[in-house]
Amino acid sequence: MENRDVKLIEKILSLKRQRKAVILAHNYQLGEVQDIADFVGDSLELSQNAAKTDAEVIVFCGVHFMAETASILCPDKIVLLPDMNAGCPMANMITAEELRKRKRELPGATVVCYINSTAEVKAESDVCCTSANAVKVIESLDAREILFVPDQYLGHYISTKTDKKMILWPGFCPTHVRIQPQYITGLRQQYPQAKVVVHPECRPEVIALADEVLSTGGICRYARSEEVSEMIVGTEIGIIHRLKKENPGKKFIPASEQAVCPNMKLINLEKILWSLEEMTHQVKVPKEVHLRAKTAVDKMLEAGRI
Ligand code: 13P
Ligand code: SF4
């Protein structure tokens with residue numbers, strides 16, 4: 001480890017204790033961030049962790065909607081996002097106003113929003129879901145027609161697993177669409193023993209070639225199983241750090257080196273330290289949005305328990 005890192009880490013850990021803070025990091029974060037986090041996980045695991053932490057401050061190393069979800073679940077805690085530019089372009093592909101308009105056109109539909117959405121969009125939705133629980137949440141609903149926003153590809157994947165009528169919003173993840181089916185077929189020839197595991201934000205043509213379709217947390221669990229000795233990984237490449245760290249001796253091959261989410265990479269050790277020193281940037285959901293958004297997130301957590 002470099003001298004720069006040792007000094008920074010010491011300062012972060014000492015300030016973290018002083019502030020009674022917890023550091024949560026998404027599986028796509030830089031390795032240096034994952035390594036100092038108290039908990040690393042997928043969107044669902046991070047929300048569950050935020051919901052139960054007794055820390056006073058949550059330093060959220062992920063993108064804006066994730067920090068916002070933590071604030072929705074813990075309105076009395078201080079939630080810090082070390083870089084305010086760390087947004088999710090997919091979450092910004094739908095506004096609350098656009099959703100209200102679509103709801104007027106589809107009065108009979110139940111609205112399910114992917115957790116990758118703003119608090120305002122969550123507030124307009126009946127229930128929220130993540131890639132880990134999407135099928136379970138939708139199957140739990142007493143509804144025939146679902147308006148699913150904003151990810152058309154996750155929505156399409158769910159439509160292959162349910163009899164409900166799925167109406168999809170045309171959003172997508174700019175990082176996952178970079179993964180092309182020909183990359184998977186090429187790598188399968190090169191690594192015939194490898195399992196192909198992809199995230200449900202991938203295009204349907206990519207999903208059709210996979211052995212498993214899993215959330216990032218699901219990918220980490222599957223990698224630990226005995227079935228896997230080599231894995232072709234169809235998601236953002238930040239996850240490879242955790243996969244290698246938890247599974248020495250196994251081989252992980254990114255489906256595409258281009259599958260990088262630049263927003264996830266904005267957070268680093270310097271910004272975490274600065275965030276704890278200055279107690280910034282604080283993410284807080286306005287009161288008028290908070291209660292309705294929380295209802296959608298709570299319903300998701302409840303459906304996940306059933
Ligand atoms: P997970 O919930 O599977 O971690 O996915 C979050 C995300 O942003 C994927 O691009
Ligand atoms: Fe958003 Fe895609 Fe980045 Fe996930 S990988 S945070 S969906 S842009």
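Failed condition for CYS261, given (1) more than 16 Å from ligand 1 (Cβ to nearest atom); (2) touching a Phe, Trp or Tyr at 6+ places or on another chain (Cβ under 9 Å), with all others met?
For CYS261, the failing item is (1).
Based on this model, can you work out whether ILE253 counts as of a type in the set (A, V, I, L, M), over 18 Å from PHE60 (Cβ atoms), open to solvent by less than 30 Å² (accessible area, probe 1.4 Å) and without any contact (Cβ under 8 Å) to a residue 40 or more places away in the chain?
Criteria not met by ILE253.
Can you list the helices (runs of 4 or more DSSP H) lying wholly within segment 1-88 that have 2 or more residues being more than 17 Å from the chain's Cα centre (by Cα)? If you could, list the steps in order and put the result at the bottom.
Values: elements: 3-19, 31-36, 43-52, 64-73.
Fully inside segment 1-88 and qualifying: 3-19, 31-36.
Yes/no per residue for (1) over 26 Å from PHE39 (Cβ atoms); (2) in contact (Cβ under 8 Å) with a residue 24 or more places away in the chain:
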{"site": "PRO174", "(1), (2)": "yes, yes"}
{"site": "GLN182", "(1), (2)": "yes, no"}
{"site": "ARG203", "(1), (2)": "yes, yes"}
{"site": "VAL206", "(1), (2)": "yes, yes"}
{"site": "GLY218", "(1), (2)": "no, yes"}
{"site": "ARG221", "(1), (2)": "no, no"}
{"site": "SER229", "(1), (2)": "yes, yes"}
{"site": "ILE232", "(1), (2)": "yes, yes"}
{"site": "GLU236", "(1), (2)": "no, yes"}
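Please verify whether ASN49 is within 16 Å of ligand 2 (Cβ to nearest atom) and open to solvent by 10 Å² or more (accessible area, probe 1.4 Å), treating the condition exactly as stated.
Numbers: within 16 Å of ligand 2 (Cβ to nearest atom): no; open to solvent by 10 Å² or more (accessible area, probe 1.4 Å): yes.
Against the criterion (within 16 Å of ligand 2 (Cβ to nearest atom) and open to solvent by 10 Å² or more (accessible area, probe 1.4 Å)), ASN49 does not qualify.
Take segment 160-187 and flag every residue that is among the basic types (Lys, Arg) and within 16 Å of ligand 2 (Cβ to nearest atom).
ARG178
Among the residues of segment 16-39, which ones are open to solvent by 20 Å² or more (accessible area, probe 1.4 Å) and among the polar types (S, T, N, Q)?
GLN18 - this is the single residue of segment 16-39 that is open to solvent by 20 Å² or more (accessible area, probe 1.4 Å) and among the polar types (S, T, N, Q).
With respect to ALA223, determine if the residue is at pLDDT 95 or above, surrounded by 16 or more Cβ atoms within 10 Å (Cβ to Cβ), within 16 Å of ligand 1 (Cβ to nearest atom) and farther than 27 Å from SER117 by Cβ.
Taking the combined requirement at face value, the residue satisfies it.
Can you tell me which residue is surrounded by the most Cβ atoms within 10 Å (Cβ to Cβ) among those in segment 126-141 that are more than 10 Å from ligand 1 (Cβ to nearest atom) and more than 21 Å from ARG100 (Cα to Cα)?
By that ranking, first place goes to VAL137.
Only one of (1) within 26 Å of GLU246 (Cα to Cα); (2) loosely packed, with under 15 Cβ neighbours inside 10 Å; (3) in contact with a helix residue (DSSP H, G or I) (Cβ under 8 Å, 6 or more places away or on another chain) fails for PRO192. Which number is that?
That leaves (3) as the condition not met.
What are the residue pairs meeting all of these: first residue in segment 68-94, first residue within 19 Å of ALA50 (Cα to Cα), second residue of a type in the set (Ser, Thr, Tyr), Cβ atoms under 6 Å, and 6 or more apart or on different chains?
Every condition considered, the pairs that remain are THR69/SER47; VAL79/SER71; LEU80/SER275; PRO82/SER275.
I need the full set of residues from segment 52-66 which are touching a residue at least 24 places away in the same chain (Cβ under 8 Å) and either touching a strand residue (DSSP E or B) at 6+ places or on another chain (Cβ under 7 Å) or more than 16 Å from ligand 2 (Cβ to nearest atom) (or both), in order please. Please lay out each step first, then the result.
First, the residues of segment 52-66 that are touching a residue at least 24 places away in the same chain (Cβ under 8 Å): 53, 55-66.
If the condition is that a residue be touching a residue at least 24 places away in the same chain (Cβ under 8 Å) and either touching a strand residue (DSSP E or B) at 6+ places or on another chain (Cβ under 7 Å) or more than 16 Å from ligand 2 (Cβ to nearest atom) (or both), then THR53, ALA55, GLU56, VAL57, ILE58, VAL59, PHE60, CYS61, GLY62, MET66 are the ones that fit.
Hey, can you tell me all the residues within segment 95-115 that are of a type in the set (Lys, Arg) and either touching a residue at least 24 places away in the same chain (Cβ under 8 Å) or within 14 Å of ligand 1 (Cβ to nearest atom) (or both)?
Taking segment 95-115 and keeping what is of a type in the set (Lys, Arg), we get 100-104.
Hits for segment 95-115 are ARG100, ARG102, LYS103.
Looking only at residues in segment 158-189 that are open to solvent by 70 Å² or more (accessible area, probe 1.4 Å) and of a type in the set (D, E, K, R), which one is farthest from ASN133 (Cα to Cα)?
If we take residues in segment 158-189 being open to solvent by 70 Å² or more (accessible area, probe 1.4 Å) and of a type in the set (D, E, K, R), then ARG188 is farthest from ASN133 (Cα to Cα).
The values are calculated or read from the model by the stated rules, or taken from the named source; none is laboratory data. Keep in mind the model is a prediction, meaning the values are calculated, not measured. Note that each Cβ is placed from the backbone with ideal geometry, even for glycine, and that neighbours are counted across all protein chains shown. Just the protein is used for accessible areas: all its heavy atoms, side chains included, with ligands, DNA and RNA removed. Shrake-Rupley method; radii C 1.70, N 1.55, O 1.52, S 1.80 Å.
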